[in-house]
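A.B. asks: Structure below; questions to follow.
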Amino acid sequence: MSARKIATRIIMSILALGLLAVLMWFLWGMQVIPPSIPLNTIYTTLTVIGVVLIVYSISGLALKIFIPKYGRKVYAVTNALKIFTYIIAGIILLIIILASLGISPEAALLGGTFSGLIVGLAIQPVLSNVFAGLIVLLTGYVKPGDEIRLVTPEMPYQWAFLPGYKYFSPDYIFVGYRGRIIEVGLLYSLMISESGLELKIPNRILFNAALVNYTPERQLERISQVRYEFKVDYDPDLVLGRIRDALLDDMKGIIEEIIINEQSDKEHYIVQIRFSAPADRDWREIKSEILKRLIKVHRELKLLEKSVS
């Protein structure tokens, strides 16, 4: 059924293009279109425009049909097809215009060099985004479906630094925006942020930025950490012993390190727990479980402090 829909769309587009060609022939014969314009030029122009429109319409239909089966990889294929079609169509149309104007190759080369320099400088931002999009698609620098964090000074970002503990709340501090890449387009890429908002990123910025990929292909496990504050009144050896008893019983293969990392202020020190999350487990669930046990240890120490006092 899906192939039949695409075939129907192609046939309807070809029929519409044929009817338009017949109309152009009739208008040219009635001299509504100046006879100085060759009929072959009109047909070639219509063919190029028709191919572009057919590719554009079919790609939209293909996305709806094949995404449930093949996922976001379909975006990369359809986008690459559209970009190459636009480039080839633009080159053919330029040749047609030069030929219809009767410009000699030498004059076309001289004028093209001068005008190309001016036009190239004028549309440099557009061209840089187009070619960056091509490189991203061909090299797989980032693919639809990848969950990334974009780190670049061209998109300023400020993290929370007051109150002080907010600075230490993330596992790692990356100055950037996190989200899932949905589409790599001709001029920009579409990313859905963590809060569900659409973020349109120019391809030039995406290609020049450093990316933190949360869906890597070659990583077998993820190393992360949990930091927790305890009052300096609590004996560090007692705290570390209680934490080891709470964590190492059934998480021995996951917990990598339990140390006192640093003193946050005069009243508190920080215990750091490093753990490794296997590729088939959600690291956030492991972190949540560690935090729950740390909170229980903290409560037990508070009760012990009250009973002693």
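The values are calculated or read from the model by the stated rules, or taken from the named source; none is laboratory data. The model shown is predicted, which means the values in this text are computed figures rather than measured ones. A quick note on method: Cβ atoms are made from the backbone with ideal geometry, for glycine too, and the neighbour counts reach across all protein chains shown.
A.B. asks: Restricting attention to the range 177-202, which residues are more than 12 Å from L137 (Cα to Cα) and of a type in the set (D, E)?
C.D. replies: Correct list: E194, E198.
A.B. asks: Given the conditions (1) in the same structural domain as R281 (by TED's automatic domain parsing); (2) touching a residue at least 12 places away in the same chain (Cβ under 8 Å); (3) outside any loop (DSSP other than H, G, I, E, B), which single one is not true for Y234?
C.D. replies: (3)
A.B. asks: Please indicate, with yes or no, whether at least one residue in the range 249-268 is hydroxyl-bearing (S, T, Y) and either under 23 Å from R222 (Cβ atoms) or in a helix (DSSP H, G or I) (or both). Let's see the steps before the verdict.
C.D. replies: As a first pass, look at the range 249-268 and keep what is hydroxyl-bearing (S, T, Y): 264.
Of the ones still in play, those that are also either under 23 Å from R222 (Cβ atoms) or in a helix (DSSP H, G or I) (or both) are none.
No, the range 249-268 has no match at all.
A.B. asks: Quick one: is R274 out of contact with any helix residue (DSSP H, G or I) (no Cβ under 9 Å at 6 or more places or on another chain) and part of a strand (DSSP E or B)?
C.D. replies: On the way: out of contact with any helix residue (DSSP H, G or I) (no Cβ under 9 Å at 6 or more places or on another chain): yes; part of a strand (DSSP E or B): yes.
Judged against the criteria, R274 is a match.
A.B. asks: Would you be able to say whether some residue in the range 212-224 is of a type in the set (F, W, Y), closer than 27 Å to D280 by Cβ and in contact with a strand residue (DSSP E or B) (Cβ under 6 Å, 6 or more places away or on another chain)?
C.D. replies: Pass one, the range 212-224, residues of a type in the set (F, W, Y): 214.
Now restrict to residues that are closer than 27 Å to D280 by Cβ: 214.
Then keep just the ones that are in contact with a strand residue (DSSP E or B) (Cβ under 6 Å, 6 or more places away or on another chain); that gives 214.
Yes, the range 212-224 has at least one match.
A.B. asks: Might you check whether a residue that is more than 30 Å from V136 (Cβ to Cβ), of a type in the set (A, V, I, L, M) and out of contact with any Pro (no Cβ under 8 Å at 6 or more places or on another chain) occurs anywhere in the range 228-235? Write out each step before concluding.
C.D. replies: Taking the range 228-235 and keeping what is more than 30 Å from V136 (Cβ to Cβ), we get 228-235.
When the remaining residues are screened for being of a type in the set (A, V, I, L, M), the result is 232.
Subsequent filtering for residues that are out of contact with any Pro (no Cβ under 8 Å at 6 or more places or on another chain) retains 232.
Scanning the range 228-235 turns up at least one residue that is more than 30 Å from V136 (Cβ to Cβ), of a type in the set (A, V, I, L, M) and out of contact with any Pro (no Cβ under 8 Å at 6 or more places or on another chain).
A.B. asks: Sort through I201, I259, I255 and tell me the only one that's among the hydrophobic types (A, V, I, L, M, F, W, C), under 36 Å from the mean Cα position of the chain (by Cα) and either more than 18 Å from D146 (Cβ to Cβ) or not assigned by TED's automatic domain parsing to the domain that holds L187 (or both). Lay out the reasoning, then the answer.
C.D. replies: Values: I201 fails: either more than 18 Å from D146 (Cβ to Cβ) or not assigned by TED's automatic domain parsing to the domain that holds L187 (or both); I259 fails: under 36 Å from the mean Cα position of the chain (by Cα).
Going through I201, I259, I255 in turn, just one is among the hydrophobic types (A, V, I, L, M, F, W, C), under 36 Å from the mean Cα position of the chain (by Cα) and either more than 18 Å from D146 (Cβ to Cβ) or not assigned by TED's automatic domain parsing to the domain that holds L187 (or both): I255.
A.B. asks: If you don't mind, there's one more thing I want to ask. Does any residue in the range 124-139 that is more than 14 Å from L190 (Cα to Cα) and outside the structural domain of L186 (by TED's automatic domain parsing) come within less than 7 Å, Cβ to Cβ, of a residue that is part of a helix (DSSP H, G or I) and aromatic (F, W, Y) six or more places away or on a different chain, and which pairs are these?
C.D. replies: A132/F207; I135/F207
A.B. asks: Can we say E229 is at pLDDT below 90 and in the same structural domain as S288 (by TED's automatic domain parsing)?
C.D. replies: Taking the combined requirement at face value, the residue does not satisfy it.
A.B. asks: Which one of I290, I273 is among the β-branched types (V, I, T), surrounded by 11 or more Cβ atoms within 10 Å (Cβ to Cβ) and under 19 Å from D237 (Cβ atoms)? It would help to see each step written out before you state the result.
C.D. replies: Values: I290 fails: under 19 Å from D237 (Cβ atoms).
Among I290, I273, only I273 is among the β-branched types (V, I, T), surrounded by 11 or more Cβ atoms within 10 Å (Cβ to Cβ) and under 19 Å from D237 (Cβ atoms).
A.B. asks: For the range 194-223, which residues satisfy the criterion of being touching a helix residue (DSSP H, G or I) at 6+ places or on another chain (Cβ under 8 Å), assigned to a strand (DSSP E or B) and either modelled with pLDDT of 85 or more or among the β-branched types (V, I, T) (or both)?
C.D. replies: P202
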